[in-house]
1. For B:Asp305, what charge total do you get from the other residues with a beta carbon under 15 Å from its beta carbon, if Lys and Arg give +1 and Asp and Glu give -1?
2. Using the Karplus equation 6.51 cos²θ - 1.76 cosθ + 1.60 (θ = phi - 60°), what ³J(HN,Hα) coupling, rounded to whole Hz, does each residue of the range A:508-523 give in order, writing x for Gly and Pro?
3. In nm to one decimal, list the spacings between the A:Glu99 label point and its equivalents in the other copies, with label points set 7 Å along Cα to Cβ, shortest first.
4. Keeping all protein chains in position, work out how much accessible area A:His9 exposes to a 1.4 Å probe, and write it in Å² to the nearest 10.
5. Tally Lys/Arg at +1 and Asp/Glu at -1 over every other residue whose Cβ is under 13 Å from the Cβ of A:Glu247; what's the total?
6. Using only Cα atoms, locate the centre of the range A:175-213 and the centre of the range B:257-276, then give the distance between them in Å, rounded to an integer.
7. How many nanometers, to one decimal and shortest first, lie between the label point of B:Glu198 and those of its other copies, if labels sit 7 Å from Cα toward Cβ?
8. Which angle from 0 to 90°, rounded to the nearest 10, does the C-alpha axis of helix A:315-330 make with the longest principal axis of chain A?
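The values are calculated or read from the model by the stated rules, or taken from the named source; none is laboratory data. Because the structure is a prediction, the values reported are computed rather than measured. For neighbour counting, all protein chains shown are included, and Cβ atoms are generated from backbone atoms with ideal geometry for every residue, glycine included. What goes into the accessible areas is simple: the full protein's heavy atoms, side chains included, and nothing from ligands, DNA or RNA. Shrake-Rupley method; radii C 1.70, N 1.55, O 1.52, S 1.80 Å.
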2 protein chains.
Amino acid sequence: MQADWILAHATVITMDAASTVLPDGAVAVQGDRLLAVGTSAEVLRQYTAPNVLDCSGRVVLPGLVNAHTHVPMTLLRGLADDLRLDVWLLGYMMPVEREFVSPDFCRLGALLACAEMIRGGITCFADMYYYEEAVAQATVDAGMRAVCSQTVLKFPSPDAASYEDSLAMAREFISAWRGHPLITPSVAPHAPYTTTPEILRACTQLAIEFDVPLHTHLAETAQEVDDCRAANGMPVIPWVKKQSLLEAKLLAAHCVHIDEGEIHTLKRANAGIAHNPSRNLKLASGFAPVTQMLAEGLPVGVGTDGPASNNDLDMFEEMRLASFIAKATTGNPTALPATQTLAMATRMGAQALHLGDVTGSLEAGKRADLILMDLRDVHTSPAFNREPEAAISRLVYSARATDVTDVMVNGRWLMRERKLLTLDVEPLLQAAADYARRIDIFLMGREGSLHSRLVAIGGAEQEESYEVQIKLHLEDPEPILTALPYSGLEILRHAHYREYDTYFSFSDPSQGRLRHREDEFVDDEGQVYSVRYRLTLTGPAAERRFPNSALLSRSRFIAPATHSLRFYREYFKPEKESEVSKDRQRWKVRFEDEEFFINIDRMLKPSIPGAFLEIKSRTWSRRDAEEKALKLSALLQSLGVRDARPVEQDYAEMAEG
Amino acid sequence: MQADWILAHATVITMDAASTVLPDGAVAVQGDRLLAVGTSAEVLRQYTAPNVLDCSGRVVLPGLVNAHTHVPMTLLRGLADDLRLDVWLLGYMMPVEREFVSPDFCRLGALLACAEMIRGGITCFADMYYYEEAVAQATVDAGMRAVCSQTVLKFPSPDAASYEDSLAMAREFISAWRGHPLITPSVAPHAPYTTTPEILRACTQLAIEFDVPLHTHLAETAQEVDDCRAANGMPVIPWVKKQSLLEAKLLAAHCVHIDEGEIHTLKRANAGIAHNPSRNLKLASGFAPVTQMLAEGLPVGVGTDGPASNNDLDMFEEMRLASFIAKATTGNPTALPATQTLAMATRMGAQALHLGDVTGSLEAGKRADLILMDLRDVHTSPAFNREPEAAISRLVYSARATDVTDVMVNGRWLMRERKLLTLDVEPLLQAAADYARRIDIFLMGREGSLHSRLVAIGGAEQEESYEVQIKLHLEDPEPILTALPYSGLEILRHAHYREYDTYFSFSDPSQGRLRHREDEFVDDEGQVYSVRYRLTLTGPAAERRFPNSALLSRSRFIAPATHSLRFYREYFKPEKESEVSKDRQRWKVRFEDEEFFINIDRMLKPSIPGAFLEIKSRTWSRRDAEEKALKLSALLQSLGVRDARPVEQDYAEMAEG
């Protein structure tokens, strides 16, 4: 019988259900399919082909399946490392993505990722990103197989102004690409915490309607699970089940923090899991319960995740890590042995992508997705051969991506003798370097300015730029507190806080200073009834002194502090930090038709006896500011203040000593 | 001023104390030393050289320091994987080492390891093995720098019949090699649990006498610490301190299970630590407290450990893992950032080897140990350059051993443009393949025979090969127990046990059957006063039946079971296992001038009512056995046994059902 290609006399690692290894094996390929897999003697007796390759000394195995990645992020590889997930994501990835992600970006990133993956023996991957149409087209041009998942988020994304737009894009993408020989289109509600129940249900409906996989991130961090429990009274898997998600052909990335019951639930739902060892370690997400998932019979694939968080697309590294971590966390060096590990990266990975019938093993009838490797180099020698499975051990524990020599997908050669046949890498690298240059400039501009860094993480608003103020130290504030109601001032508002401030200062003082303030609102009984967190960025001041008062001109931006102090510390990387806390009584008053704030502050940290009186006003107008400054002395007199010591230091300066 | 080499226009990662990165840097080399390191402008202004290399686009950095390995074990790479430490060590490594390790083996393994290490950018390593003289000579021939440590063990080793011989060899080796420009000779008491206090003290004396490092394994597993606590009432570090070990220039490998106090003790002793991430994970030893050690100021290097347990000599993999594990185990993705990680693999590694003045960073005056890398490939692109340190991040998180292009040690080029200059790899690979073939044959021979596998782990002795026996089932054993004292039999000994047996059986019944027996000796009050563990291997029996009795001829080996049942299960890999437990009263008696054993066994598992009476005798002589068989009926009558049912099954068969 006639085949197109026969690869003979190789060590054939079939990764069939029994993980059969054929020491002198052969594979016959016809069109896009595997016609036969067996011993060389059998295959050469039954088949002839115009192209019979003598693969002596080589290993032939199914192409590796990268079960979860974001391929366009090759262009963001190494952009920012050694950061917390939130700083990395909110401080770097998302601002850069907002600025740069386009169909061109996605195509270029996908092509480069395909080059890296083909070289490293990957023939199939599951992607999740924006403009997935561009990713799919790039994948087809490179000749690879992929599940391409169009992301849906509750907030505006680089490719959609609203989630309704994302859903419409996903529907259009799936309709257009369904049935493609290489591409399985799919929908990706990003994660439970970045979507809504409505989005999850709509995505499930879409996936069911078109019978395509649904790709998402689940139970990635302990925080996610804690938040889900707090908000919904249950952990992540039961909650997404309630939103119907498990009714779809699910590919769930991460599943780091799930319990036995959740593993069972996922198994019953026929879910596939993508385990991403490098990335879970690098961002300290934790150790996924892989051996338990495997014991339950869940198909667990191995994924590289995006190259911005890994920082590569190297399945050999992931395999080794998957095995190593399983051994170390269970305390059992026999856990996740080489054969089971390679199964995760091939057969089980394909099952996790719901492509188990199509790829993932060398078995007659499946698509011809295979790779050749040369394991006769120094780092893979010597070869012990008393058990055929030793070839798998050599492959998992010693081999590298660079040992892959040839790659075939769907019956087509994508690489021969380490030469890529479908991609010309040089112009891609140049285009990537150009993106990197532009991103560096964008970030340097931003990092050159505290303000643009503040803006990058959202919500900053500019306040009035002129500030009139007077500040006095009082031995005893009681006389003023007593005088205030009788001062003739119209009191518009009164509040009582405890304020906990952290000032970040920077080596370049022209950048200004950032204050993180926690305002505890205190009621008449001294109980805290509300808390407010704010960031204030104040630029350096131009100052003009008046008798007893000063007029400052400076930029001032205020933003709600929605993240933790720790986040801001890591994001802004201040050179110095100082803390101030005080008890503040604050009145908003009207005096001679102008509004002023009066603060009576008792310093708690640094502890200073007595109190400070501050009178302040802000305005957009210089003339207005000058007029107010001139009125301050009169206002002070109406409060009965005499002989108090004017203070020129602001509170941050007091804290710095 | 004149230099021999100037490497200009590179990204120079100096790894000096400030980890300075020079985006357009240069290095001048004269003889074996670094003459200058600075910006290209500075260096080219001050120095001239016959060889000025334009290294544009390349990265120049100090050669990597592999802080702990066993280089000859390249020849055992992939010999046995996915096993427990004890099975791996006692069942495979040590038997093969006993058989194969020779000066030739060590030289070949070391040369291959040097080839792999040079290719992967390693310029210096700390080795510990046998015939260290051969390792040192191979290292010099390859042109590398190394601390070479002669192993001392309490038991006979491949290169010494006694530890006195090892110590003498170590002394001779150190005397001969001290002061060598590339080799630092050293002594290696293998570990606390494989040596004695006397050995530890003698090694310390030797190291101090010659002012050389002392290299050892400490606190590698939780078991080691538990055993040390049980035996010595303290954990490992205080105990070895008591044996004077910390007075030497210590290089301690592993230190996985040490506490804060022990870290402090090591710091005070100026010890160097070798952290071996892959190997600690692969053999499930645990997670070393690396961030705590670094916080305390201990110089922690990174090691590959031997390639038989890793399974490669790839410091890029180790660096990445070291950082990943630190992040994951502390839950802090900012832990062990790229720069600190690279420091561990360079400057700190050299300090750990007590070679901090010699190598580990690019600083004028140090030896010229440096490497060039090309980080412009697909998997290391794009390059973000807004911070010079991004080059380090790219190197640690994306680069591979195969990105190293050039290697210089002590001012001599060992590799240029990926071509090895001091080693011809092909004949080495062939010689390694030859060793692998012989080792495979040795292990197949052993694995073909249960007996040789039993012998391989020590202590098996052959017992008499003829066995006469009778076995009856009794409804009630009481009449016999009552009759025994009056039977006219001379009772030589009586004992009472509870016996817990596990039978391993194998697909090939000609291999025989292995029994693991736990004998609990029970006193008159029914209290266990002693326990004995034994292995018994019995071959298949040739059988001849007599009235009421049988004569068996079979091989029988007995060995003390010094390891756990779990160990033997993993080592022998039985096809089937069955358990038997029973209460046994056993008498040794004399009857008509022949000795017999009488057992009264009550079966606990499987639970069988009544009891079994066994009468047995063993002898080396067939004629003797036949005579004894004929006397059994008479002996039975003297016990007053009548109408009891003879039983042909042995206990293992009963358990198997």
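1. That works out to -3.
2. For the range A:508-523, the Karplus curve yields 9, x, 5, 6, x, 9, 10, 10, 9, 10, 10, 9, 8, 7, 10, 8 Hz.
3. When each copy's label point is compared with this one, the spacings are 6.4 nm.
4. Only protein atoms counted, so the area is about 70 Å².
5. +3
6. 53
7. Nearest to farthest, the other copies are at 8.3 nm.
8. Roughly 70 degrees, rounded to the nearest 10.
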